[in-house]
Amino acid sequence: MPKRYYIGLPQWNHPDWACSALSGRAAQSTLQRYASHFSSVEGNSTFYAMPNAETVQRWRQETPEHFRFCLKLPQQISHRLQLRHCQQELQSFINGINPLQEKIGQLFIQLPAHFGPGGLDTLAQFFAQLPTAFSYTLEVRHPEFFAKGDAERRLNRLLMEQGINRTLFDTRALFALPGDDAATRDAWQKKPRVPLHVIATGQAPMVRFISPLDYRSADPWLTPWVSKVAGWLQEGRQPYLFFHTPDNREAPLLAQHFARELTSRCPDATGFSPWPEIVRQQETLF
């Protein structure tokens with residue numbers, strides 16, 4: 001049986017992709033063009049606002065059967081209410097995304113940096129409210145959850161008991177290779193600078209990888225992920241992999257680069273459909 005993984009970007013549209021391989025046919029929407037190559041996407045927009053019913057139906061219609069959305073829980077639940085007294089908000093979110101049904105890969109819970117070990121009981125109670133029809137992934141940012149102490153062990157044990165994936169956000173290359181451009185400075189301000197502890201607490205580990213603007217300079221950090229993902233596939237897991245650059249202009253090329261390396265290591269892995277190379281006509285002086 002082919003080994004299935006899901007790969008994508010933090011968005012399916014970007015102004016700088018208009019002249020890239022993702023430009024596609026004019027008759028296609030940006031989501032259709034994106035989904036013809038990638039098998040998943042980070043649904044970060046649901047963190048800020050819920051799409052209307054017509055938009056959700058359109059997402060469903062414009063993506064192939066194998067495509068998976070990883071939708072982020074609204075900030076009202078995770079950041080403002082901090083997982084407390086949010087049953088109504090959670091149910092409203094679930095009702096809104098239900099039309100996607102089997103195209104939901106994971107629901108993504110991202111917690112603020114101040115949500116620490118003192119909130120683990122609240123987290124456990126929140127997990128107990130979650131509908132069992134979906135798969136979930138959790139991203140934490142509090143330093144104690146990366147200190148290899150009791151707090152991290154308790155968190156990982158809770159996730160394993162519940163079968164919930166721990167999101168692994170790899171920002172090492174970004175901070176190791178700083179740049180003076182505005183996009184990199186902005187990424188330095190917004191992205192978490194926390195240690196990376198590679199662990200699969202569920203069957204669908206999620207990796208979020210961000211490179212510097214020169215995405216090939218991240219190879220020393222990217223290459224070990226090829227072996228790790230190949231190992232997960234061998235174990236029967238179905239990982240989700242999302243690739244970022246500071247401005248995301250070359251994020252598609254970074255993801256393609258990883259997919260090629262993974263295919264060379266694991267030829268029966270499926271998750272990415274490469275686009276044809278674009279041959280540009282050489283300009284002349286006259």
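The values are calculated or read from the model by the stated rules, or taken from the named source; none is laboratory data. Every value quoted in this text rests on a predicted model; they were computed, and no experiment measured them. Cβ: placed from backbone, ideal geometry, glycine included. Neighbour counts: every protein chain shown. Note: areas computed on protein heavy atoms with side chains; ligands, DNA, RNA excluded. Shrake-Rupley method; radii C 1.70, N 1.55, O 1.52, S 1.80 Å.
Things to note:
- Centroid-to-centroid separation of segment 203-279 and segment 133-164 [C-alpha atoms, Å]: 24 Å
- Spin-label model distance (nm) - T263 vs A128, 7 Å beyond Cα toward Cβ: 4.8 nm
- Dimensionless Rg ratio for segment 112-164, taking C-alpha atoms and the 2.2 N^0.38 Å reference: 1.11
- Other-chain or far-sequence residues with amide H under 5 Å of E139's (modelled H): I109, Q110, L111, T167
- Sequence of E65, E54 from largest to smallest accessible area, 1.4 Å probe: E65, E54
- Put simply, the convex hull of the Cα atoms in segment 77-138 casts, on average, a shadow of 4.2 nm².
- Charge dipole of the chain about the Cα centre (unit charges at C-beta), most positive-ward option of I164, H244, P224: I164
- Distance distribution P(r), segment 126-198, all Cα-Cα pairs, bin width 5 angstrom from 0: 3, 14, 21, 18, 15, 13, 9, 6, 2, 0 percent.
- Residue-normalised accessible area of segment 109-182, given per residue in Å² at a 1.4 Å probe: 44 Å²
- F134, F243, ranked by accessible area, largest first (probe 1.4 Å): F134, F243
- The amide H of D170, built 1.01 Å from its N in the peptide plane, has R208, F209, I210 as neighbours under 5 Å, considering only residues 5 or more places off or on other chains.
- 14 Å beta-carbon shell around D268, net charge (K/R +1, D/E -1): +3
- The residues neighbouring R80, those whose beta-carbon lies less than 15 Å from its own, together hold a net charge of +1 under the Lys/Arg +1, Asp/Glu -1 convention.
- Relative to its residue count, segment 18-105 spans a Cα convex hull of 101 Å³ per residue.
- Rotationally averaged projected area of segment 145-286 (alpha carbon convex hull; nm²): 11.2 nm²
- Of all lysines in the structure, those lying under 26 Å Cα to Cα from K103, and not within fewer than 8 positions of it along the same chain, are K3, K72, K228.
- Placing +1 on each Lys and Arg Cβ and -1 on each Asp and Glu Cβ, with no other charges, gives segment 104-260 a dipole about its Cα centre of roughly 180 debye.
- Phi angles across segment 38-53 convert, under the Karplus curve 6.51 cos²θ - 1.76 cosθ + 1.60 with θ = phi - 60°, into 3J(HN,Hα) values of 9, 9, 7, 8, 6, x, 6, 5, 6, 5, 9, 6, 7, x, 6, 4 Hz, Gly and Pro given as x.
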